[in-house]
Amino acid sequence: MAEPLRIGIAGLGTVGASLVRILSERHLQLATTCGRPIEIVAITARSREKNRGVPLDLYAWHEDAVSLAQTAEMDVFVELMGGAGDPAYSAVKAALSRGIHVVTANKALLAAHGIELAGIAEAHGALLNYEAAVAGGIPVIKALRESMTGNTIARVYGIMNGTCNYILTRMEKEGLTFEACLKEAQRLGYAEADPAFDIEGNDTAHKLSILTSLAFGTAIAADDIYLEGITNISPEDIRAASDLGYRIKLLGVAQRTESGIEQRVHPTMVPFDSVIAQVDGVTNAVAIESDILGELLMVGPGAGGNATASAVLGDIADIAKSRPGAQHVPAFGRPVDKLLPYTRAQIQSHEGGYFIRLEVVDRTGVFASIAGRMAEQGISLESIMQHAKTASEPGAPQTIILVTHATSEHSVRDAVQAIKGEGYLVGEPQVIRIERPKEY
Ligand code: HSE
(Lines give C-alpha, C1' and ligand atoms only; values in the text may rest on other atoms or scores of the structure.)
Protein backbone atom coordinates (compact mmCIF):
# COMPACT_ATOMS: atom_id res chain seq x y z
CA MET A 1 0.00 0.00 0.00
CA ALA A 2 1.22 3.51 -0.80
CA GLU A 3 2.46 6.00 1.80
CA PRO A 4 -0.31 7.29 4.08
CA LEU A 5 -1.84 10.71 3.54
CA ARG A 6 -0.96 12.60 6.72
CA ILE A 7 -3.46 15.14 7.94
CA GLY A 8 -3.43 17.76 10.66
CA ILE A 9 -6.76 18.97 12.02
CA ALA A 10 -7.35 22.38 13.61
CA GLY A 11 -10.74 22.64 15.33
CA LEU A 12 -12.56 19.83 17.09
CA GLY A 13 -16.09 21.15 17.38
CA THR A 14 -19.14 19.30 16.04
CA VAL A 15 -17.59 18.82 12.58
CA GLY A 16 -14.02 18.11 13.72
CA ALA A 17 -15.13 15.48 16.23
CA SER A 18 -17.33 13.79 13.59
CA LEU A 19 -14.41 13.76 11.16
CA VAL A 20 -12.02 12.17 13.69
CA ARG A 21 -14.59 9.51 14.53
CA ILE A 22 -15.37 8.67 10.87
CA LEU A 23 -11.67 8.54 9.93
CA SER A 24 -11.02 6.11 12.74
CA GLU A 25 -14.11 3.94 12.19
CA ARG A 26 -13.62 3.74 8.38
CA HIS A 27 -9.86 3.58 8.28
CA LEU A 28 -9.68 0.36 6.29
CA GLN A 29 -12.52 1.19 3.95
CA LEU A 30 -10.94 4.56 3.13
CA ALA A 31 -7.52 3.05 2.62
CA THR A 32 -8.99 0.65 0.07
CA THR A 33 -11.01 3.32 -1.72
CA CYS A 34 -8.22 5.89 -1.82
CA GLY A 35 -5.38 3.46 -2.41
CA ARG A 36 -3.59 4.72 0.68
CA PRO A 37 -4.46 5.11 4.35
CA ILE A 38 -5.47 8.48 5.75
CA GLU A 39 -3.65 9.11 9.04
CA ILE A 40 -4.30 11.91 11.47
CA VAL A 41 -0.86 13.08 12.64
CA ALA A 42 -1.60 16.34 14.46
CA ILE A 43 -4.55 18.03 16.11
CA THR A 44 -5.36 21.23 17.89
CA ALA A 45 -8.43 22.84 19.41
CA ARG A 46 -9.30 25.51 21.93
CA SER A 47 -9.45 23.10 24.88
CA ARG A 48 -7.49 19.90 25.30
CA GLU A 49 -9.56 18.66 28.23
CA LYS A 50 -13.05 18.83 26.74
CA ASN A 51 -14.67 15.42 26.21
CA ARG A 52 -15.57 15.15 22.53
CA GLY A 53 -16.68 11.55 22.63
CA VAL A 54 -13.71 10.43 20.48
CA PRO A 55 -10.25 9.29 21.67
CA LEU A 56 -7.60 11.89 20.83
CA ASP A 57 -4.54 10.56 22.65
CA LEU A 58 -3.21 8.82 19.51
CA TYR A 59 -2.53 12.14 17.81
CA ALA A 60 0.17 14.74 18.47
CA TRP A 61 -1.49 17.65 20.27
CA HIS A 62 -0.48 21.20 19.32
CA GLU A 63 -1.38 24.16 21.49
CA ASP A 64 -1.74 26.50 18.59
CA ALA A 65 -3.23 26.17 15.09
CA VAL A 66 -0.72 28.48 13.43
CA SER A 67 2.28 26.64 14.82
CA LEU A 68 0.68 23.32 13.81
CA ALA A 69 0.27 24.69 10.27
CA GLN A 70 3.86 25.96 10.27
CA THR A 71 5.59 22.92 11.69
CA ALA A 72 3.64 19.63 11.50
CA GLU A 73 4.93 17.03 9.04
CA MET A 74 1.70 16.57 7.09
CA ASP A 75 0.27 16.52 3.57
CA VAL A 76 -3.08 18.17 4.30
CA PHE A 77 -4.08 20.82 6.82
CA VAL A 78 -7.80 20.56 7.71
CA GLU A 79 -9.11 23.85 9.05
CA LEU A 80 -12.37 23.50 11.00
CA MET A 81 -12.07 26.42 13.42
CA GLY A 82 -14.20 28.92 11.52
CA GLY A 83 -13.98 32.70 11.50
CA ALA A 84 -12.64 35.06 8.87
CA GLY A 85 -9.69 36.22 10.93
CA ASP A 86 -6.98 34.60 13.00
CA PRO A 87 -6.07 31.96 13.87
CA ALA A 88 -7.82 30.42 10.81
CA TYR A 89 -6.49 32.99 8.32
CA SER A 90 -2.83 32.82 9.42
CA ALA A 91 -2.92 29.05 9.82
CA VAL A 92 -4.33 28.42 6.33
CA LYS A 93 -1.89 30.90 4.83
CA ALA A 94 1.02 29.25 6.63
CA ALA A 95 0.06 25.77 5.43
CA LEU A 96 -0.46 26.84 1.80
CA SER A 97 2.82 28.75 1.84
CA ARG A 98 4.55 25.45 2.69
CA GLY A 99 2.83 23.80 -0.28
CA ILE A 100 0.56 21.84 2.06
CA HIS A 101 -2.95 21.22 0.75
CA VAL A 102 -5.77 22.78 2.73
CA VAL A 103 -9.28 21.48 3.27
CA THR A 104 -11.58 23.92 5.02
CA ALA A 105 -15.26 24.34 5.88
CA ASN A 106 -14.72 28.02 6.60
CA LYS A 107 -17.05 30.11 4.44
CA ALA A 108 -16.34 33.33 6.34
CA LEU A 109 -12.61 32.95 5.67
CA LEU A 110 -13.16 32.23 1.97
CA ALA A 111 -15.64 35.10 1.58
CA ALA A 112 -13.08 37.50 3.04
CA HIS A 113 -9.78 36.09 1.77
CA GLY A 114 -10.62 33.32 -0.70
CA ILE A 115 -8.96 34.83 -3.76
CA GLU A 116 -5.78 35.73 -1.87
CA LEU A 117 -5.60 32.19 -0.45
CA ALA A 118 -6.28 30.68 -3.88
CA GLY A 119 -3.35 32.72 -5.22
CA ILE A 120 -1.04 31.39 -2.49
CA ALA A 121 -2.24 27.84 -3.17
CA GLU A 122 -1.52 28.24 -6.89
CA ALA A 123 1.90 29.73 -6.28
CA HIS A 124 2.91 26.79 -4.08
CA GLY A 125 1.29 23.95 -6.02
CA ALA A 126 -1.22 23.24 -3.25
CA LEU A 127 -4.94 22.52 -3.37
CA LEU A 128 -7.52 24.62 -1.57
CA ASN A 129 -10.63 22.46 -1.17
CA TYR A 130 -13.76 23.71 0.55
CA GLU A 131 -16.76 21.59 -0.38
CA ALA A 132 -18.09 21.75 3.20
CA ALA A 133 -18.12 25.55 3.20
CA VAL A 134 -21.35 25.79 1.18
CA ALA A 135 -24.55 23.82 1.78
CA GLY A 136 -22.97 21.25 4.11
CA GLY A 137 -22.93 17.83 2.51
CA ILE A 138 -24.26 18.88 -0.93
CA PRO A 139 -21.45 18.65 -3.53
CA VAL A 140 -22.24 22.02 -5.09
CA ILE A 141 -18.63 23.24 -5.21
CA LYS A 142 -17.57 20.25 -7.25
CA ALA A 143 -20.62 20.67 -9.51
CA LEU A 144 -19.81 24.30 -10.29
CA ARG A 145 -16.03 24.04 -10.24
CA GLU A 146 -15.65 20.86 -12.26
CA SER A 147 -18.80 19.17 -13.54
CA MET A 148 -20.37 22.25 -15.13
CA THR A 149 -17.24 23.66 -16.76
CA GLY A 150 -18.28 25.06 -20.14
CA ASN A 151 -21.80 26.00 -19.09
CA THR A 152 -22.83 29.64 -18.97
CA ILE A 153 -24.74 30.16 -15.76
CA ALA A 154 -27.66 32.55 -15.55
CA ARG A 155 -28.73 32.15 -11.93
CA VAL A 156 -27.74 30.23 -8.84
CA TYR A 157 -29.97 30.33 -5.81
CA GLY A 158 -30.90 28.28 -2.83
CA ILE A 159 -31.52 27.59 0.80
CA MET A 160 -28.04 27.60 2.27
CA ASN A 161 -28.56 28.02 5.98
CA GLY A 162 -29.91 25.04 7.87
CA THR A 163 -30.60 27.03 11.01
CA CYS A 164 -32.88 29.52 9.24
CA ASN A 165 -34.68 26.84 7.30
CA TYR A 166 -35.12 24.81 10.47
CA ILE A 167 -36.57 27.84 12.28
CA LEU A 168 -38.93 28.82 9.45
CA THR A 169 -40.11 25.23 9.02
CA ARG A 170 -40.87 24.67 12.69
CA MET A 171 -42.53 28.06 13.03
CA GLU A 172 -44.79 27.16 10.13
CA LYS A 173 -45.55 23.55 10.94
CA GLU A 174 -45.71 23.66 14.73
CA GLY A 175 -46.58 27.27 15.43
CA LEU A 176 -43.52 27.60 17.68
CA THR A 177 -41.87 30.91 18.49
CA PHE A 178 -38.75 32.08 16.71
CA GLU A 179 -36.76 31.96 19.97
CA ALA A 180 -37.74 28.35 20.82
CA CYS A 181 -36.76 27.14 17.34
CA LEU A 182 -33.42 28.95 17.46
CA LYS A 183 -32.56 27.36 20.82
CA GLU A 184 -33.30 23.93 19.41
CA ALA A 185 -31.13 24.58 16.33
CA GLN A 186 -28.27 25.58 18.62
CA ARG A 187 -28.75 22.47 20.77
CA LEU A 188 -28.57 20.28 17.66
CA GLY A 189 -25.28 21.88 16.56
CA TYR A 190 -26.62 23.55 13.40
CA ALA A 191 -26.10 27.18 14.35
CA GLU A 192 -22.89 29.18 14.15
CA ALA A 193 -21.00 30.07 17.36
CA ASP A 194 -22.78 33.42 17.10
CA PRO A 195 -26.26 32.58 15.75
CA ALA A 196 -26.69 36.18 14.59
CA PHE A 197 -24.60 35.09 11.59
CA ASP A 198 -27.34 32.61 10.72
CA ILE A 199 -30.49 34.59 11.38
CA GLU A 200 -29.22 37.92 10.02
CA GLY A 201 -28.28 36.20 6.75
CA ASN A 202 -24.47 36.68 6.92
CA ASP A 203 -23.78 32.94 6.78
CA THR A 204 -25.89 32.62 3.62
CA ALA A 205 -24.15 35.69 2.19
CA HIS A 206 -20.70 34.19 2.75
CA LYS A 207 -21.78 31.00 0.99
CA LEU A 208 -23.47 32.90 -1.83
CA SER A 209 -20.33 34.97 -2.49
CA ILE A 210 -18.38 31.74 -3.05
CA LEU A 211 -21.03 30.33 -5.41
CA THR A 212 -21.16 33.62 -7.33
CA SER A 213 -17.44 33.49 -7.98
CA LEU A 214 -17.63 29.89 -9.16
CA ALA A 215 -20.77 30.45 -11.25
CA PHE A 216 -19.70 33.63 -13.02
CA GLY A 217 -15.91 33.29 -12.97
CA THR A 218 -15.54 36.54 -11.05
CA ALA A 219 -13.53 37.56 -8.00
CA ILE A 220 -15.42 37.14 -4.72
CA ALA A 221 -17.44 40.22 -3.80
CA ALA A 222 -18.87 39.38 -0.39
CA ASP A 223 -19.46 43.04 0.49
CA ASP A 224 -21.71 43.51 -2.53
CA ILE A 225 -24.61 41.45 -1.27
CA TYR A 226 -28.00 42.91 -0.45
CA LEU A 227 -28.80 41.41 2.94
CA GLU A 228 -31.95 40.88 4.99
CA GLY A 229 -32.26 38.18 7.67
CA ILE A 230 -35.31 36.39 9.03
CA THR A 231 -35.61 38.14 12.38
CA ASN A 232 -38.61 40.23 11.35
CA ILE A 233 -40.58 37.37 9.82
CA SER A 234 -43.68 37.01 11.95
CA PRO A 235 -46.15 34.15 12.32
CA GLU A 236 -48.65 36.45 10.51
CA ASP A 237 -46.36 36.57 7.45
CA ILE A 238 -45.98 32.80 7.46
CA ARG A 239 -49.76 32.37 7.75
CA ALA A 240 -50.55 34.90 5.05
CA ALA A 241 -47.96 33.35 2.73
CA SER A 242 -49.53 29.98 3.27
CA ASP A 243 -53.05 31.34 2.57
CA LEU A 244 -51.74 32.70 -0.73
CA GLY A 245 -50.03 29.46 -1.76
CA TYR A 246 -46.46 30.37 -0.82
CA ARG A 247 -43.84 29.43 1.73
CA ILE A 248 -41.20 31.73 3.16
CA LYS A 249 -37.59 30.64 2.80
CA LEU A 250 -34.33 32.51 3.34
CA LEU A 251 -32.80 32.39 -0.13
CA GLY A 252 -29.43 33.45 -1.42
CA VAL A 253 -29.72 34.44 -5.09
CA ALA A 254 -27.02 35.39 -7.58
CA GLN A 255 -27.94 36.17 -11.16
CA ARG A 256 -26.65 37.79 -14.26
CA THR A 257 -28.52 40.93 -15.21
CA GLU A 258 -27.92 43.47 -17.95
CA SER A 259 -26.35 45.84 -15.45
CA GLY A 260 -24.07 43.29 -13.79
CA ILE A 261 -24.31 40.55 -11.20
CA GLU A 262 -27.04 40.74 -8.61
CA GLN A 263 -26.37 39.08 -5.26
CA ARG A 264 -29.04 39.10 -2.59
CA VAL A 265 -29.99 37.26 0.56
CA HIS A 266 -33.46 37.82 1.96
CA PRO A 267 -36.63 36.06 3.09
CA THR A 268 -38.39 35.01 -0.08
CA MET A 269 -41.82 33.68 -0.91
CA VAL A 270 -41.67 30.62 -3.11
CA PRO A 271 -44.72 28.96 -4.69
CA PHE A 272 -45.93 26.14 -2.48
CA ASP A 273 -45.79 23.57 -5.29
CA SER A 274 -42.19 24.34 -6.27
CA VAL A 275 -39.56 21.83 -5.23
CA ILE A 276 -37.65 24.40 -3.19
CA ALA A 277 -40.75 25.16 -1.10
CA GLN A 278 -40.78 21.53 0.01
CA VAL A 279 -37.24 21.68 1.39
CA ASP A 280 -37.76 21.57 5.12
CA GLY A 281 -35.77 21.66 8.32
CA VAL A 282 -32.00 21.71 8.24
CA THR A 283 -32.01 20.51 4.62
CA ASN A 284 -30.40 22.81 2.06
CA ALA A 285 -31.09 23.14 -1.66
CA VAL A 286 -29.11 24.79 -4.42
CA ALA A 287 -30.46 25.41 -7.93
CA ILE A 288 -28.19 26.26 -10.84
CA GLU A 289 -29.65 27.46 -14.14
CA SER A 290 -27.32 27.11 -17.07
CA ASP A 291 -27.42 26.97 -20.85
CA ILE A 292 -26.08 23.51 -21.63
CA LEU A 293 -27.26 21.48 -18.64
CA GLY A 294 -30.50 23.37 -17.96
CA GLU A 295 -31.63 23.45 -14.34
CA LEU A 296 -29.75 21.44 -11.74
CA LEU A 297 -31.34 21.22 -8.30
CA MET A 298 -29.45 19.60 -5.47
CA VAL A 299 -31.08 18.93 -2.13
CA GLY A 300 -29.41 17.50 0.97
CA PRO A 301 -28.29 17.96 4.55
CA GLY A 302 -26.86 21.44 4.97
CA ALA A 303 -25.57 21.55 8.52
CA GLY A 304 -24.57 19.35 11.41
CA GLY A 305 -21.47 17.32 12.24
CA ASN A 306 -21.86 14.30 9.99
CA ALA A 307 -23.18 16.11 6.91
CA THR A 308 -20.36 18.63 7.00
CA ALA A 309 -17.73 16.02 7.87
CA SER A 310 -18.89 14.00 4.85
CA ALA A 311 -17.96 16.89 2.55
CA VAL A 312 -14.64 17.46 4.34
CA LEU A 313 -13.85 13.78 3.99
CA GLY A 314 -14.67 13.88 0.27
CA ASP A 315 -12.14 16.70 -0.18
CA ILE A 316 -9.48 14.79 1.76
CA ALA A 317 -10.17 11.62 -0.24
CA ASP A 318 -9.82 13.56 -3.51
CA ILE A 319 -6.33 14.58 -2.43
CA ALA A 320 -5.50 11.03 -1.29
CA LYS A 321 -6.50 9.71 -4.71
CA SER A 322 -4.72 12.38 -6.78
CA ARG A 323 -1.59 11.40 -8.66
CA PRO A 324 1.65 13.08 -7.65
CA GLY A 325 2.44 15.92 -10.02
CA ALA A 326 -1.10 16.02 -11.45
CA GLN A 327 -2.48 19.39 -12.55
CA HIS A 328 -4.57 20.86 -9.71
CA VAL A 329 -8.09 22.23 -10.16
CA PRO A 330 -7.88 25.96 -9.38
CA ALA A 331 -9.71 26.83 -6.16
CA PHE A 332 -12.31 29.03 -7.89
CA GLY A 333 -12.54 27.11 -11.14
CA ARG A 334 -10.04 29.20 -13.09
CA PRO A 335 -6.56 30.52 -12.30
CA VAL A 336 -6.70 33.61 -10.10
CA ASP A 337 -5.30 35.88 -12.82
CA LYS A 338 -8.10 34.73 -15.17
CA LEU A 339 -10.95 35.68 -12.81
CA LEU A 340 -13.17 38.36 -14.36
CA PRO A 341 -13.78 41.73 -12.76
CA TYR A 342 -17.00 41.79 -10.76
CA THR A 343 -19.64 44.34 -11.75
CA ARG A 344 -22.48 44.82 -9.33
CA ALA A 345 -26.12 45.23 -10.38
CA GLN A 346 -28.23 47.53 -8.27
CA ILE A 347 -30.82 45.68 -6.13
CA GLN A 348 -33.30 48.36 -7.18
CA SER A 349 -33.14 46.85 -10.65
CA HIS A 350 -34.47 43.53 -9.36
CA GLU A 351 -37.68 42.55 -11.15
CA GLY A 352 -40.15 40.15 -9.63
CA GLY A 353 -43.36 39.82 -7.66
CA TYR A 354 -43.77 41.20 -4.13
CA PHE A 355 -45.81 40.38 -1.05
CA ILE A 356 -46.69 43.46 0.98
CA ARG A 357 -48.39 43.27 4.39
CA LEU A 358 -49.77 46.47 5.81
CA GLU A 359 -51.36 47.07 9.20
CA VAL A 360 -53.82 49.90 8.66
CA VAL A 361 -56.35 51.96 10.54
CA ASP A 362 -59.79 50.60 9.65
CA ARG A 363 -61.47 53.48 7.84
CA THR A 364 -63.22 54.14 4.58
CA GLY A 365 -60.98 54.81 1.60
CA VAL A 366 -57.82 53.10 2.85
CA PHE A 367 -58.18 50.18 0.48
CA ALA A 368 -58.77 52.50 -2.47
CA SER A 369 -55.83 54.70 -1.50
CA ILE A 370 -53.46 51.74 -1.36
CA ALA A 371 -54.63 50.51 -4.75
CA GLY A 372 -54.17 54.05 -6.10
CA ARG A 373 -50.58 54.41 -4.83
CA MET A 374 -49.75 51.07 -6.46
CA ALA A 375 -51.34 52.11 -9.76
CA GLU A 376 -49.36 55.38 -9.73
CA GLN A 377 -46.16 53.32 -9.83
CA GLY A 378 -47.54 51.14 -12.63
CA ILE A 379 -47.68 48.13 -10.32
CA SER A 380 -50.15 45.45 -11.34
CA LEU A 381 -51.70 43.52 -8.46
CA GLU A 382 -52.11 39.76 -8.50
CA SER A 383 -54.24 39.85 -5.36
CA ILE A 384 -55.29 42.21 -2.62
CA MET A 385 -57.08 41.07 0.48
CA GLN A 386 -58.08 42.28 3.86
CA HIS A 387 -57.61 39.93 6.77
CA ALA A 388 -60.47 40.90 9.05
CA LYS A 389 -59.38 40.41 12.63
CA THR A 390 -61.88 38.29 14.47
CA ALA A 391 -63.27 39.72 17.65
CA SER A 392 -61.61 43.08 17.01
CA GLU A 393 -63.16 46.34 18.17
CA PRO A 394 -64.82 48.43 15.46
CA GLY A 395 -62.11 50.66 14.02
CA ALA A 396 -59.24 48.48 15.31
CA PRO A 397 -56.24 48.07 12.92
CA GLN A 398 -56.71 45.60 10.09
CA THR A 399 -54.25 43.70 7.93
CA ILE A 400 -54.13 44.25 4.18
CA ILE A 401 -52.07 41.90 2.04
CA LEU A 402 -51.05 42.68 -1.51
CA VAL A 403 -49.33 40.42 -3.98
CA THR A 404 -47.95 42.13 -7.07
CA HIS A 405 -47.15 40.84 -10.51
CA ALA A 406 -43.54 41.24 -11.60
CA THR A 407 -42.44 44.79 -11.01
CA SER A 408 -39.27 46.63 -10.09
CA GLU A 409 -37.85 47.00 -6.59
CA HIS A 410 -37.70 50.70 -7.25
CA SER A 411 -41.46 50.97 -7.98
CA VAL A 412 -42.37 48.96 -4.88
CA ARG A 413 -40.18 51.10 -2.65
CA ASP A 414 -41.70 54.30 -4.06
CA ALA A 415 -45.27 52.98 -3.65
CA VAL A 416 -44.64 51.88 -0.06
CA GLN A 417 -43.07 55.25 0.69
CA ALA A 418 -46.16 57.01 -0.68
CA ILE A 419 -48.45 54.76 1.39
CA LYS A 420 -46.41 55.56 4.51
CA GLY A 421 -47.07 59.24 3.87
CA GLU A 422 -50.87 58.74 3.92
CA GLY A 423 -51.05 58.46 7.70
CA TYR A 424 -53.20 55.34 7.98
CA LEU A 425 -50.40 52.77 8.58
CA VAL A 426 -49.92 51.22 11.99
CA GLY A 427 -46.31 50.01 12.31
CA GLU A 428 -43.82 49.26 9.56
CA PRO A 429 -44.96 47.64 6.29
CA GLN A 430 -43.60 44.18 5.57
CA VAL A 431 -42.26 43.62 2.06
CA ILE A 432 -41.14 40.16 0.94
CA ARG A 433 -39.88 39.35 -2.54
CA ILE A 434 -41.34 36.44 -4.49
CA GLU A 435 -38.90 34.21 -6.35
CA ARG A 436 -40.16 31.85 -8.99
CA PRO A 437 -38.23 28.79 -10.05
CA LYS A 438 -37.56 28.51 -13.77
CA GLU A 439 -40.54 26.34 -14.60
CA TYR A 440 -42.93 29.18 -13.66
N1 HSE B 1 -24.84 27.48 10.70
C2 HSE B 1 -24.81 26.89 9.44
C3 HSE B 1 -26.22 26.51 9.05
C4 HSE B 1 -23.93 25.67 9.46
O5 HSE B 1 -27.12 26.62 9.88
O6 HSE B 1 -26.46 26.14 7.92
C7 HSE B 1 -23.43 25.25 8.12
O8 HSE B 1 -22.70 26.25 7.49
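Once you list every other residue whose beta carbon is under 14 Å from the beta carbon of ASP203, what net charge do they have if Lys and Arg are +1 and Asp and Glu are -1?
For residues surrounding ASP203, the net value is -3.
Quick one: check the C-alpha center-to-center distance for the range 247-270 versus the range 31-103, whole angstrom.
36
Got a sec to turn the phi values of the range 147-158 into Karplus ³J(HN,Hα) couplings, 6.51 cos²θ - 1.76 cosθ + 1.60 with θ = phi - 60°, whole Hz, x for Gly and Pro?
5, 9, 3, x, 7, 9, 9, 9, 8, 10, 8, x
Under a 1.4 Å probe, what is the accessible area of the range 349-439 per residue, stated in Å²?
Details: 4330 Å² over 91 residues.
Per residue, the range 349-439 has 48 Å² of solvent-accessible surface.
Give the long-range amide H neighbours of THR268: residues separated by 5 or more places, or on another chain, with amide H under 5 Å away, using H modelled in the peptide plane at 1.01 Å from N.
Amide H to amide H, under 5 Å and 5 or more residues apart or across chains, THR268 pairs with LYS249, LEU250, LEU251.
Amide H of THR257 versus every other amide H placed in the peptide plane: which residues, excluding those fewer than 5 positions away on the same chain, fall under 5 Å?
Here the answer is GLU262, since their amide H atoms fall under 5 Å of that of THR257.
Name the most mobile residue of VAL253, VAL336, VAL366, meaning the one with the largest mean-square fluctuation, in a Gaussian network model of the chain with Cα contacts below 10 Å.
VAL366
Rounded, prolate or oblate: which one fits the range 272-333, using the alpha carbon gyration tensor with axes a ≥ b ≥ c (rounded when a/c is under 1.5, else prolate when a/b beats b/c, else oblate)? Intermediate values should be presented prior to the final figure.
Details: a/c = 4.16, a/b = 1.53, b/c = 2.72.
Note, shape of the range 272-333 comes out oblate.
Taking all protein chains in place and a 1.4 Å probe, what share, in percent, of the accessible surface of the chain do carbon and sulfur account for?
On the way: 9340 of 18410 Å².
Of all accessible area on the chain, carbon and sulfur atoms account for 51 percent.
Round to the nearest 0.05 the FRET efficiency obtained for ASN232 and GLU258 when R0 = 41 Å and r is the Cβ-Cβ distance. Working shown, then result.
Values: r = 31 Å, r/R0 = 0.76.
With a Förster radius of 41 Å, E is 0.85.
What does the C-alpha gyration tensor say about the overall shape of the chain? Classify as rounded when a/c is under 1.5, otherwise prolate if a/b is larger than b/c, or oblate.
Numbers: a/c = 2.64, a/b = 1.93, b/c = 1.37.
Here the chain falls in the prolate category.
How much of the DSSP bridge set in the chain is antiparallel, in percent, rounded to the nearest 5?
Details: 50 of 74 bridges.
DSSP beta bridges in the chain are roughly 70 percent antiparallel.
At R0 = 41 Å, how high is the FRET efficiency between ASN51 and GLU116 if r is their beta carbon distance? Nearest 0.05 is fine.
On the way: r = 37 Å, r/R0 = 0.90.
In this case the efficiency is close to 0.65.
Which one of ARG239, ARG155, ARG247 has the biggest mean-square fluctuation once the chain is modelled by GNM with Cα springs under 10 Å?
ARG239
Kindly list the residues of the range 13-57 that lie in the label zone of GLU73, defined by a backbone N under 16 Å from the point 7 Å along the Cα-to-C-beta vector.
39-43
Hey, can you grab everything whose amide H is under 5 Å from the amide H of LEU5? Only 5+ residues off in sequence or another chain; H modelled, so Pro and N-termini drop out.
Sorted by chain and number, the residues that satisfy this are ILE38, GLU39.
Once a ≥ b ≥ c are taken as the square roots of the eigenvalues of the Cα gyration tensor of the range 36-93, is the result rounded (a/c under 1.5), prolate (a/b larger than b/c) or oblate (a/b not larger than b/c)?
Values: a/c = 1.81, a/b = 1.17, b/c = 1.54.
Oblate, since a/c reaches 1.5 and b/c is not below a/b.
Peptides 169-179, 284-294, 76-86, 135-145: what's the order by average Cβ count within 10 Å, highest mean first? Don't skip to the end; give the middle numbers.
Details: 169-179: 14.8, 284-294: 18.7, 76-86: 20.9, 135-145: 24.3.
With the highest mean Cβ count within 10 Å placed first, the list reads 135-145, 76-86, 284-294, 169-179.
Ignoring everything except DSSP H segments at least 4 long, calculate the 222 nm mean residue ellipticity for the chain; use -39,500 (n - 2.57) per segment, divide by total residues, nearest 500.
Values: 13 runs with 145 residues, N = 440.
Helix-only estimate at 222 nm: -10000 deg cm²/dmol.
Take the alpha carbon atoms of the range 317-377, find their center, do the same for the range 189-245, and report the distance between the two centers in whole angstrom.
If we compute the Cα centre of each part, the gap is 10 Å.
Out of the DSSP beta bridges found with both residues in the range 190-327, what percent are antiparallel (nearest 5)? Each step should come with its number before you reach the end.
Numbers: 20 of 22 bridges.
Bridges in the range 190-327 that DSSP calls antiparallel: roughly 90 percent.
Return the sequence-ordered ³J(HN,Hα) values of the range 265-275 in whole Hz as given by the Karplus equation 6.51 cos²θ - 1.76 cosθ + 1.60 applied to θ = phi - 60°, using x for Gly and Pro.
Going residue by residue, I get 10, 6, x, 9, 8, 10, x, 3, 8, 7, 4 Hz, with x marking Gly and Pro.
The values are calculated or read from the model by the stated rules, or taken from the named source; none is laboratory data. Every value quoted in this text rests on a predicted model; they were computed, and no experiment measured them. Heads up, the Cβs are rebuilt from the backbone with ideal geometry, glycines too, and the neighbour counts pull from every protein chain shown. Accessible surface is based on the protein model in full, side chains and every heavy atom, while ligands, DNA and RNA are left aside. Shrake-Rupley method; radii C 1.70, N 1.55, O 1.52, S 1.80 Å.
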